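The next block holds one structure in the form of structure tokens; read it before the comments.
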Amino acid sequence: MSALLPVKTQVLIVGAGPTGLAAAISLICNGIEPSKLLIVDGIEKGANTSRALAIHAATLEALDTYGCASKLVELGIKATGWRISDRASSIIKTDLSYLSPYTKFPFALILAQTATEHVLEERLNELGGKVIRPCRVIGMKDSVHGKGMDVLFDSGEVVRAHYVVGADGARSTVRQLSGINFSDPDGQAFEDSTDDRIAQMVMADVSLSKDVFGGNVSITVSKGMFLLVSLGKPVVGEMLYNSSEAVYRIGFNVPRALGEPPSQPSLEFLQANMDQYGPLHLSSDRKVNPNPVHITKVHWSTRFRTHSAIADVFFKRVHGGIVFLVGDAAHIHSPAGGQGMNLGLRDATGLGPILAEHIRTRELTKERDMNAEDTTALESYAALRRIRGLGNIKFTKDYMGTIDFVMRPHLLSWPMWALRMLSYLPVFKRQVAYRLSGLGNR
């Protein structure tokens with residue numbers, strides 16, 4: 001097989017999901033030549049099973065800096081509200097228009113992650129960059145040339161790199177090869193980091209018998225938790241599934257007490273749970289809904305477990321080179337509030353100017369010893385991103401704690417009414433909107 005990879009590169013980005021693509025774009029836009037940048041991914045294009053949906057205001061602002069936001073907004077749906085409801089009415093709701101004084105993106109953009117990746121990769125190609133697939137990292141070691149590190153690939157190829165950006169997800173090979181610990185910041189074991197009732201989740205992209213999306217992100221909570229949201233404008237369904245019908249994302253919890261859900265849940269399984277846990281207006285049972293709604297097609301379905309973890313460090317000198325972790329390789333948590341991909345994208349877009357300036361300074365001083373170079377700015381940025389990651393983990397745990405509270409049976413109704421009344425206060429709605437937006441946790 002002919003060689004696909006160069007023998008050396010200045011910066012190697014491992015992982016070409018949204019975070020890796022954004023890191024590459026930000027580096028090129030900040031002066032790193034595309035020829036000195038190598039972006040690889042271990043899977044074929046479109047095979048990524050991560051399915052984030054929401055892009056919040058702070059992330060859109062960061063992407064707008066690099067010419068990516070307008071195309072995303074063109075494809076997505078502007079969600080004006082975010083709410084938690086029981087099966088019949090709202091319990092907690094916020095109005096994202098409260099963000100108008102702070103940003104030109106006063107909404108949550110609803111767009112399938114695959115479409116986001118498509119837009120980002122198009123932008124990368126416009127800038128002269130490209131992703132090489134499939135190329136899986138299997139090892140890292142001291143370079144035989146004495147500068148940088150040698151990165152080994154499953155093809156047998158070896159690339160010498162000075163900087164490696166680990167954007168390769170929650171099971172990051174780069175993180176593991178760098179010997180960086182990854183654990184819950186509160187010291188909880190994997191199986192204890194989330195309540196048993198919401199630790200297992202099912203998600204699916206489906207078509208329905210009628211249009212039901214009202215422009216808000218809504219989580220229905222009763223004895224279980226149920227999410228329904230559009231994937232974006234109709235063109236997105238055509239792009240992803242060649243579907244002329246609207247495509248929706250549904251998601252719900254499966255308590256551990258009920259056993260493990262199917263790996264690829266069927267239409268019947270999804271319909272039964274939508275009828276049991278979804279809002280009444282989505283039920284297929286005429287006894288509770290005079291206008292029944294049916295799932296007509298399952299385009300994709302999966303199960304996953306929710307838990308929280310963060311890397312001990314995001315920056316580390318390894319084998320004569322430097323490793324920097326971003327996105328899920330650095331921090332993970334439950335999908336509550338649609339925060340995960342957003343923080344990863346902000347990790348990546350902020351890394352570009354810091355790393356590019358570091359490289360320029362190093363080249364001007366002609367510093368040859370990687371271990372002697374001044375990495376203060378990189379280390380400070382890594383420490384800041386870890387603080388942001390810890391903040392997001394706390395926020396999502398609190399968010400899921402609220403959902404868990406609402407799911408619990410209450411002998412008295414006053415706690416629920418208190419939550420309902422609280423959500424009518426402008427100061428509360430403004431605070432929730434601001435926290436969801438990421439504007440206070442860039």
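Bear in mind that the values in this text are calculations on the coordinates, not laboratory data. All of these numbers come straight from a predicted model, not from anything done at the bench. Neighbour counts run over all protein chains shown; Cβ positions are idealised from the backbone, glycine included.
Things worth noting here:
- Computed from the alpha carbon atoms alone, the convex hull of the range 195-305 holds 100 Å³ per residue.
- 0 to 90° range, to nearest 10: angle between helix 340-365 axis and the chain longest Cα axis: 10 degrees
- Across the range 218-277 the C-alpha pair distances fall into 5 Å bins from zero in the proportions 4, 16, 21, 22, 18, 12, 5, 2 percent.
- The chain: antiparallel DSSP beta bridges as a percent of all, rounded to 5: 70 percent
- The Kirkwood hydrodynamic radius of the chain, based on inverse pair distances between different Cα atoms, is 22.8 Å.
- Label-to-label distance for L4 and H294 is 4.4 nm, based on points extended 7 Å past Cα in the beta-carbon direction.
- Of the peptides 16-27, 57-68, 316-327, the ranking by mean beta-carbon count within 10 Å, highest at the top, reads 16-27, 316-327, 57-68.
- Full extension of the chain segment joining T80 with E357 gains 95.9 nm, where the gain is 0.36 nm per residue of separation less the Cα-Cα distance.
- Crossing angle, helix 18-29 versus the chain [Cα axis fit, 0-90 degrees, rounded to tens]: 50 degrees
- Relative to the longest principal axis of the Cα atoms of the chain, the long axis of helix 267-277 makes an angle of roughly 60 degrees.
- For the peptides 223-231, 174-182, 344-352, 261-269, the ranking by packing is 344-352, 223-231, 174-182, 261-269, with the highest mean count of neighbouring Cβ atoms within 10 Å listed first.
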